[in-house]
Structures are given as C-alpha cells and as structure tokens.
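One structure is given here, and the rest of the page talks about it.
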Amino acid sequence: MTNYKSQMTNKFQAPNSKSQKGQVMLLTVMMLTGVILSTTSLVALLVLYQIRQTTDVIASSQAIFAADAGIECALYREVAKGTPSEWGNCSAGKLSNGAEFKTETQGNTIKSAGKSRRSARAFKATF
C-alpha cells in the first residue's frame, strides 16, 4: 500500500524540478534588468532636463544683455545726436556672443528685444 501511495505522489510532481528553478531564476533576472534599465532611463532623462535648463539660463542672460545693449545704444544715439554708433542707427545689432537685438523708437519710448538661441527678452524705456 505504501508503494502505491508513493507512486501517486510522484505522478503529480513536476517532471524536472531543476529546469523550473532555472526558469524562475531567468525570469527574476529579466525583471530586475528591466527595473534597472527603467530607473537608469529615468535618471538620464532628469539629467538631460537639468542640462537643458542650465543652457536656457545662459541663453536667457545673453538675451537680457542684448536687449540692454539695444536700449543703451538707442539712448546714446538720442543723447549724442549725430554721433555715429557701432551699429549705425541702433535698429538692430549682433553681439560677439551671437546674441542679437532689435530696437524701436517711438517718440520718447524705446523698445528693445534681445534674442539668444531659444530665449528672447525685451526692455522698454521711457524718457
């Protein structure tokens, strides 16, 4: 009777228990690899955003200084009438760092817009 019982329990066991343990280990390694890859991708994306933000801050500063240069040029032109400036009539100019400005004078109001890469900043001066 014991022989019959041991044969019945053996029938319901997996044919090769070692291969199933290997499959479980393989699936576990694949899942851990996926988690690590996802985490690494997320960290890389966050670093990319930080680098882009830093670059935008630099471009924004250059645009501010370009707009300020346009205001200064137009004010100089108004104060020193007839004196030629480096940019002619100061309606547009390009700085050495690649930033550009455009100014517009209407009566006693000067508007200047500076642009550098993807950033644009503007000033308005009334005198």
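The values are calculated or read from the model by the stated rules, or taken from the named source; none is laboratory data. A quick note: this is a predicted structure, and the numbers were derived from the prediction, not measured. Here the Cβ positions follow ideal geometry from the backbone for every residue, glycine too, while neighbour counts run over all protein chains shown.
When the stretch 95-123 is filtered for residues that are over 15 Å from Cys73 (Cβ atoms), among the charged types (D, E, K, R) and assigned to a strand (DSSP E or B), the ones remaining, listed by number, are Lys115, Arg121. Scanning the stretch 75-97 for any residue that is modelled with pLDDT of 85 or more and of a type in the set (Asp, Glu) turns up nothing.
Quick check on Lys115: is it under 32 Å from the mean Cα position of the chain (by Cα), surrounded by 10 or more Cβ atoms within 10 Å (Cβ to Cβ) and without any contact (Cβ under 8 Å) to a residue 40 or more places away in the chain? No. Can you find a residue in the stretch 40-52 that is surrounded by 10 or more Cβ atoms within 10 Å (Cβ to Cβ), of a type in the set (S, T, N, Q), farther than 30 Å from Ser116 by Cβ and more than 18 Å from the chain's Cα centre (by Cα)? No.
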